[in-house]
Amino acid sequence: EDPSSSSSTQNSVAPDLPGFYYDPEKNRYFRLLPGHNNHNPLTKDSIQHKTMECRRLRLLEEEEKQIRKTTRAGLNSSVLLQKRQLGLLSSTSYCRLVHELKVNCMQRRKIEIHSPDSSVAGTNNFKIIVADVACERIFTVNDVEHGGCKYGIINLSGLGKESLTVEMYDNLYFTNRKVNSVCWASLTHPDSHFFLIHFIKLCLMGIAETPGCASLLPASLFSSTNPGDRPGMLCSFKISTAWSCAWCLNPQADNCFSTGLTRRVLVTNVVTGHRQTFGTSSDVLAQQFATQTPVLYNGCRSGEIFSIDVRQRNRKGQSWKAIRLFHGSAVTSLHLMEAEHYLMAADMAGKIKLWDLRTTKCVKQYKGHHNEYALLPLHVNEEEGLLIAVGQDCYTRIWSLQDAHLLRTIPSPHPSSKDAIPSVVFSSRLGGSRGVPGLLMAVKQDLYHFSYN
């Protein structure tokens, strides 16, 4: 059973009475008081939080003692090797099961973060981490104490050392806007820049608000060179309320990015400044460009997923929509598979579905994800055959891409809360081509590495 799921113990021991809570330890009922503005600890939220925290601590203790059950019966290295030698397993099945075994054996180790500026490391909570294509660097968005966010880059070259240390470079910019979405961009060379979407800025008095903005920053801002030699912000576009962003790598729409706004999609060329606007019937919360064609996939608050060919001119109405798919809740994340025949999508009901774009049908569902209102990303590693997602309950779950089997549920090292949802990166080459494989988890002020070998 998923450790974070609601327990059915109460119903199995005693009947559920409206307005009362049954304590199995004391074997009696206690009255629940409605609302939160009272001193009675027996509210539904407090009971649920206590139960979740007990399970998290229990699971952490089991992981420290390396007490973990395999997800499939008889899954161990010796049995797999024996079956492979006897010809009972194909090479594809053998590799897939070996990856499952590696996932089950991952152990958490804390990473020490070094910085040229001693005041940078460990002072602010991680909000978002995003790796470049080569997984040599990680762009970070950190909360600052007085509100807003600041940015940094972590160099992963030190992960190959026994001490598990990394270097973090900060920059001089910070914003009092909330950062909603981040993606790496390519102008002069792959991953030379990164693109950020800022939400609207609310004044402290709560009286007025200003539009958000889309910023394109050069990665060379974050380096150990003389600050005077660093380039400034490349460009910044003022936009209305923005939810998502995506960068196009197809040469037919070179130097273009997209922003998902309230009831419209805006495609902009950063060199010429030319803009295309596509009206929608709902807010666009998730986006991704295809690489083989200049097609943009969009996920909406209404649950609709649609594609746009950005080569076409603006049209009235919504006749420009090509592929259309539908979820029952707001779509929070999209991931286009490598062959671009399948699209992975997650929504605010905790549903993760794999869609066949040729037949426009759902072919797989990955169960166990938890989400109610957060914009949570998906992480797909097709080389290892794994799907990774962090739930709103702060549990990191890993599934098998092939059969949608839940392989492992990893608890957060910190108590669960809405401001402590981990952000993760998974790769078989953290730190470059000669890097170490594993899962990186950033939560609060800490960075952890789960070795995958």
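General observations
- Residue check for Ser427: farther than 15 Å from Met344 by Cβ and without any contact (Cβ under 8 Å) to a residue 24 or more places away in the chain: no
- Qualifying residue in the range 50-70 (condition: in a loop (DSSP other than H, G, I, E, B), at pLDDT below 75, of a type in the set (Lys, Arg) and outside the structural domain of Thr409 (by the TED database)): yes
- Scanning the range 275-287 for residues that are surrounded by fewer than 23 Cβ atoms within 10 Å (Cβ to Cβ) and of a type outside the set (Gly, Ala, Ser) yields Arg275, Gln276, Thr277, Phe278, Thr280, Asp283.
- Residue satisfying condition, being surrounded by 17 or more Cβ atoms within 10 Å (Cβ to Cβ) and not in a strand (DSSP E or B), within set His335, His369, His379: His369
- Within the range 386-408, the residues that satisfy the criterion of being open to solvent by 20 Å² or more (accessible area, probe 1.4 Å) and not aliphatic (A, V, I, L, M) are Gln392, Gln402, Asp403, His405.
- When Val425 is tested against (1) over 27 Å from Gly160 (Cβ atoms); (2) touching a strand residue (DSSP E or B) at 6+ places or on another chain (Cβ under 9 Å), exactly one condition is not met: (1).
- Test: Leu159 is farther than 22 Å from Leu216 by Cβ and surrounded by 21 or more Cβ atoms within 10 Å (Cβ to Cβ): yes
Results for (1) farther than 20 Å from Leu357 by Cα; (2) in a strand (DSSP E or B), shown as yes or no for each residue.
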{"site": "Lys238", "(1), (2)": "yes, yes"}
{"site": "Gln252", "(1), (2)": "yes, no"}
{"site": "Val267", "(1), (2)": "yes, yes"}
{"site": "Gln276", "(1), (2)": "yes, yes"}
{"site": "Ser281", "(1), (2)": "yes, no"}
{"site": "Gln288", "(1), (2)": "no, yes"}
{"site": "Tyr297", "(1), (2)": "no, yes"}
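Conditions tested, residue by residue: (1) open to solvent by less than 20 Å² (accessible area, probe 1.4 Å); (2) modelled with pLDDT under 85; (3) under 25 Å from Val380 (Cα atoms).
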position	(1), (2), (3)
Leu202	no, yes, no
Thr225	no, yes, no
Cys245	yes, no, yes
Asn269	no, no, no
Gly273	no, yes, no
Phe289	yes, no, yes
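- Test: residue in the range 314-330 that is among the β-branched types (Val, Ile, Thr), over 22 Å from the mean Cα position of the chain (by Cα) and on the phi < 0 side of the Ramachandran plot: yes
- Test: residue in the range 313-322 that is in contact with an Asp or Glu (Cβ under 8 Å, 6 or more places away or on another chain), assigned by the TED database to the domain that holds Pro294 and not hydrophobic (A, V, I, L, M, F, W, C): no
- Among the residues of the range 418-453, those that are open to solvent by less than 30 Å² (accessible area, probe 1.4 Å) and assigned to a loop (DSSP other than H, G, I, E, B) comprise Ala420, Pro422, Gly431, Gly432, Gly435, Tyr452.
- Among the residues of the range 110-124, the one identified as at pLDDT 90 or above and not in a strand (DSSP E or B) is Ile111.
- Output for the range 291-301, where each listed residue is surrounded by fewer than 17 Cβ atoms within 10 Å (Cβ to Cβ) and either of a type in the set (Gly, Ala, Ser) or not assigned by the TED database to the domain that holds Ala322 (or both): none
- Flag for Ser307 being of a type in the set (Gly, Ala, Ser) and either outside any loop (DSSP other than H, G, I, E, B) or touching a Lys or Arg at 6+ places or on another chain (Cβ under 7 Å) (or both): yes
- First in the range 359-370 and in contact (Cβ under 8 Å) with a residue 60 or more places away in the chain and in the same structural domain as Leu325 (by the TED database), second anywhere and of a type outside the set (Ser, Thr, Tyr) and surrounded by fewer than 17 Cβ atoms within 10 Å (Cβ to Cβ), Cβ under 8 Å, 6 or more apart: Gly368/Asp2; Gly368/Leu406
- Complete set of residues in the range 349-363 that are open to solvent by 30 Å² or more (accessible area, probe 1.4 Å) and either in contact with a Phe, Trp or Tyr (Cβ under 9 Å, 6 or more places away or on another chain) or farther than 30 Å from Pro411 by Cβ (or both): Lys351, Lys353, Arg358, Thr359, Thr360, Lys361, Cys362, Val363
The values are calculated or read from the model by the stated rules, or taken from the named source; none is laboratory data. All figures in this text were calculated on a predicted structure; none of them were measured in a lab. Note: ideal-geometry Cβ built from the backbone for every residue, glycine included; neighbour counts use all protein chains shown. The accessibility values were calculated without ligands, DNA or RNA, using every heavy atom of the protein model including side chains. Shrake-Rupley method; radii C 1.70, N 1.55, O 1.52, S 1.80 Å.
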